[in-house]
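The structure appears right after this line, and notes come after that.
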């Protein structure tokens, strides 16, 4: 007579390979997965793998199309639909032939390039000091840079207006001291004021990747170069700068693209005669209600930004290699 532990059905699989209830319960108590569940998982994975690749791409592409591509398509569509009706490239010829567009394009380019160069130079120097020159509060300054990146651009512009504006603190001290009718600091309403505001605001965008790159530099290289008699300028040029090139390329490209599309700084400084492409879009759409012309300028601005981003990707790959 078979013992209770040898009776069929106490733990043996039933016909067909499916475990009986005691065997499944024992497996669950032991923390394992029943055989039937384990056999079902690979089948489900194989079914998922058989799905075409484009099926997985449909959800993100749909979201991208609804929230970005479709509004962009409407802008492009409006740029070829003049107020007279129909579809025509006349808005493009009108905008490209206007003196206001050429001046805005030139102002936008030189402000963006000038601000980028200023941010690269100032950001590199400040990052060097924070990373390699020990001083009290250095870590707090590095953390403040992360906080500064979250500030809106118009907030920095307002701060500069409070200090250097026509009725700002600097001019107030000057008039109180000398008795003059107005102070000497009137540059914020000029293109140089816009340039200063952009350099002030965008420099931390260069410093952040530079500080990350400097933290990866082996200090032993600097110590060896210094022990061999290399001066600080030579150490920076031969040891630190090559390691910082990818970070400089990334930060400079980001600043260049952001300066090309900056609107708040130019608007809040109130600079006379300074019209950039974003300001021209605002003027055409809001002040003149010329929506086809505004869309043409917007399309040009987008094309320049995308082209610069493509150039940045090429340069960053080559510098990284």
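Here are the numbers:
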read-out: Test: residue 206 is in a helix (DSSP H, G or I) and either closer than 29 Å to residue 146 by Cβ or in contact (Cβ under 8 Å) with a residue 24 or more places away in the chain (or both); value: yes
read-out: Among the residues listed as 115, 127, the single one being modelled with pLDDT of 90 or more, closer than 29 Å to residue 281 by Cβ and crowded, with 18+ Cβ neighbours inside 10 Å; value: 115
read-out: Top-ranked residue of region 26-70 - restricted to ones that are modelled with pLDDT under 60 and not in a helix (DSSP H, G or I), ranked as surrounded by the fewest Cβ atoms within 10 Å (Cβ to Cβ); value: 31
read-out: Flag for residue 232 being in contact with a helix residue (DSSP H, G or I) (Cβ under 6 Å, 6 or more places away or on another chain) and within 30 Å of residue 139 (Cα to Cα); value: no
read-out: Breaking point among (1) crowded, with 16+ Cβ neighbours inside 10 Å; (2) farther than 29 Å from residue 309 by Cα, for residue 265; value: (2)
read-out: Search result, residues across region 160-171 that are free of Cβ contacts under 8 Å to residues at least 40 places away in the same chain and either surrounded by 15 or more Cβ atoms within 10 Å (Cβ to Cβ) or under 22 Å from residue 129 (Cβ atoms) (or both); value: 164, 165, 168, 171
read-out: Within region 209-321, helices (runs of 4 or more DSSP H) holding 1 or more residues that are under 29 Å from residue 97 (Cβ atoms), within 20 Å of the chain's Cα centre (by Cα) and in contact (Cβ under 8 Å) with a residue 60 or more places away in the chain; value: 241-260, 264-269, 277-282, 291-320
read-out: Count - residues of region 156-181 that are in contact with a helix residue (DSSP H, G or I) (Cβ under 9 Å, 6 or more places away or on another chain) and in a helix (DSSP H, G or I); value: 12
read-out: Failed condition for residue 73, given (1) under 14 Å from residue 297 (Cα atoms); (2) surrounded by 11 or more Cβ atoms within 10 Å (Cβ to Cβ); value: (1)
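Table: residues versus (1) without any contact (Cβ under 8 Å) to a residue 12 or more places away in the chain; (2) out of contact with any strand residue (DSSP E or B) (no Cβ under 7 Å at 6 or more places or on another chain); (3) over 18 Å from residue 295 (Cα atoms).
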residue	(1), (2), (3)
70	yes, yes, no
79	no, yes, no
88	yes, yes, no
94	no, yes, no
98	yes, yes, no
121	yes, yes, yes
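The values are calculated or read from the model by the stated rules, or taken from the named source; none is laboratory data. For clarity, every value in this text was computed on a predicted model and none was experimentally measured. Heads up, the Cβs are rebuilt from the backbone with ideal geometry, glycines too, and the neighbour counts pull from every protein chain shown.
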